[in-house]
Amino acid sequence: MRLILGLVMSGLALGAARAAERTAPTSAPYSPDLAEIMLSAQWRHLKLSYAGAQKNWPLAEFEIGQMRKNFAEAATYYPKFDDTAVAKLIKEISEPALDEVAANVKAKDVEAFKKSFSRLTEACNSCHQAAGKGFIKIRVPWRSPFSNQEFTPER
Ligand code: HEC
């Protein structure tokens, strides 16, 4: 009986220790890695491109909003990354480029959208070059890897 009780008690103690292990790190503030924010921006860049090309304007608008959050997060957590003025470059180059894309989405102008989307893509690369990461070269996509998402608009 004592043995069983002992086993139960140690089992409980172990359970409590495990629970503590799982909850302990919550006091540490979460700060996302810049490369993770960028991976997220890369998906948005791709989805935005397809949404625009397919004239799915509500989806394009949604993806622009998501990319704005990526930029805001990058600027907040990494105003400076190594020696690169990330927040400044975002404010002066990337956000105006994204604003232009947003204006063309609002105007539902697919040709203007494509042109501004190329400029947005150049803005991605201009910061990568400034940061000494010119080998991370973003381009306008020509094929979607998202076979699980429909990009044509609802009718
Ligand atoms: C203001 C600066 C800046 C802008 C604008 C910017 N990036 Fe980046 N990006 C970086 C930096 C710096 C890194 C390298 C991070 C590191 O070394 O951990 C990076 C890395 C990346 C990576 C590599 C992530 C990985 O782990 O493989 C991708 C992909 C990327 N960016 C996509 C984009 C896209 C798409 C855009 C535009 C929509 C963009 N970036 C705009 C600064 C920027």
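The values are calculated or read from the model by the stated rules, or taken from the named source; none is laboratory data. Note that the structure is a prediction, hence the values are computed from the model and not measured. Here the Cβ is made from the backbone with ideal geometry for all residues, glycine too, and neighbour counts use every protein chain on show.
Out of curiosity, is Lys114 more than 8 Å from the ligand (Cβ to nearest atom), at pLDDT 95 or above and not polar (S, T, N, Q)?
yes
Taking (1) within 10 Å of the ligand (Cβ to nearest atom); (2) over 20 Å from Ala35 (Cβ atoms) in turn, Asn70 satisfies each apart from (2).
When Ser116, Ser94, Ser144 are screened for being over 15 Å from the mean Cα position of the chain (by Cα), closer than 18 Å to Ser40 by Cβ and of a type outside the set (D, E, K, R), only Ser144 passes.
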